[in-house]
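Each reported figure results from applying straightforward, stated rules to the coordinates on display, with no laboratory input. From a predicted model like this one, the values you see are computed outputs, not experimental measurements. Note: ideal-geometry Cβ built from the backbone for every residue, glycine included; neighbour counts use all protein chains shown.
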Amino acid sequence: MGTPLILLTNDDGYLAPGLLALREALERLGEVWVLAPDRNWSAASRTRVFHKPLRVSPVRLPDGVLVHITNGSPSDCVSLALLGLAPRRPDVVVSGINAGANLGRDVTYSGTVAAAMEAAQAGIPALAISQDLGPEEGDEERAPDYQRAARIAAALVERLLADSPLPPGVLLNVNVPLARPKGIKITRLGTSIWRDYLVKGKDPRGRDYYWLAGEMMPAPPPGEEDTDVWAVFSGYVSITPLQLDLTDHRLLEALRAWETALSLPGE
Ligand code: MN
């Protein structure tokens with residue numbers, strides 16, 4: 001294999017510090033080709049922009065490196081790259097480093113994870129990486145160390161380039177704790193770290209508005225000791241293999257009886 005091509009994207013937009021740190025850390029592993037959204041698409045999930053033209057333009061990151069940005073979503077970034085914009089088919093796709101953990105069932109909201117899914121769907125080894133910001137997001141005293149998360153991502157990418165265990169449709173979801181990690185845990189998805197609540201108020205024109213808000217739970221729910229949620233709460237780097245096949249294979253046989261038991265309406 002010649003110089004490996006690493007496609008890098010994110011969902012926080014090209015100015016995110018996590019993207020900057022990750023691009024730099026990946027540089028020694030191959031050619032890093034960046035196509036990132038021109039704005040923040042956090043919680044975009046697998047949003048695709050099909051209703052308007054996509055634009056791609058060159059831009060310089062704060063460190064002066066030339067990259068590409070688009071008005072498309074994180075998934076669009078990967079799709080555009082794979083459909084011909086990247087110089088060749090990437091050997092690995094990396095998405096992140098997201099500002100904030102992507103854990104448990106919340107991964108289905110994540111644009112960061114979605115971009116890696118797009119690559120997995122195309123059969124390319126892919127990795128999403130997120131940096132936990134802790135319960136006090138934005139606390140200056142506890143600024144995240146994106147360099148550390150970037151080094152972890154680079155070590156994993158090196159492994160994927162050498163010998164990827166990921167079959168098509170499978171990706172890695174990596175989360176890095178805020179404090180110096182105690183180690184690495186291979187995990188399954190937990191539930192959620194958020195307790196949602198609704199904030200209702202009146203706008204300046206007297207109309208009701210609603211703000212969907214959430215607060216982080218103080219500890220993971222019991223019985224989750226092998227999950228990503230538990231690992232990150234306990235100070236470990238969490239690596240979860242995710243699959244695009246959302247089928248509940250356990251239910252297939254039990255539901256098979258419905259094929260004959262149910263009659264179609266009107267027949
Ligand atoms: Mn994000």
Exercise. Cα atoms only, region 167-220: Rg and Dmax in Å?
Worked result: 18.5, 54
Seminar exercise, completed: Length-normalised contact order of the chain, Cα under 8 Å, at least 6 apart, in percent, tallies to 18 percent
Seminar exercise, completed: In units of 2.2 N^0.38 Å, the Cα radius of gyration of the chain is 1.09
For this session: Among V157, Y210, G72, pick out the residue whose Cα is farthest towards the positive end of the charge dipole of the chain, where Lys and Arg carry +1 and Asp and Glu carry -1 on C-beta, about the Cα centre.
Result: G72
For this session: Per DSSP H run of at least 4 residues, take -39500 (n - 2.57); add these up for the chain, divide by its residues and hand me the 222 nm value, nearest 500 deg cm²/dmol.
Result: -7000 deg cm²/dmol
Exercise. For A44, what charge total do you get from the other residues with a beta carbon under 14 Å from its beta carbon, if Lys and Arg give +1 and Asp and Glu give -1?
Worked result: -3
Seminar exercise, completed: Surrounding charge for L26, neighbours by C-beta under 11 angstrom, Lys/Arg +1, Asp/Glu -1, total -1
Exercise. What list of whole percents do you get for P(r) of region 57-137, with Cα-Cα distances grouped in 10 Å bins up to the one holding the largest distance?
Worked result: 17, 44, 31, 7, 0
Seminar exercise, completed: As straight-line cross-link partners of K185, the qualifying aspartates and glutamates (C-alpha separation under 14 Å, not fewer than 8 residues apart within one chain) are E224, E225, D226, D228
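Using a ≥ b ≥ c from the Cα gyration tensor of region 136-267 (square roots of the eigenvalues), is it rounded, prolate or oblate, where a/c under 1.5 gives rounded and otherwise the larger of a/b and b/c decides, a/b for prolate?
oblate
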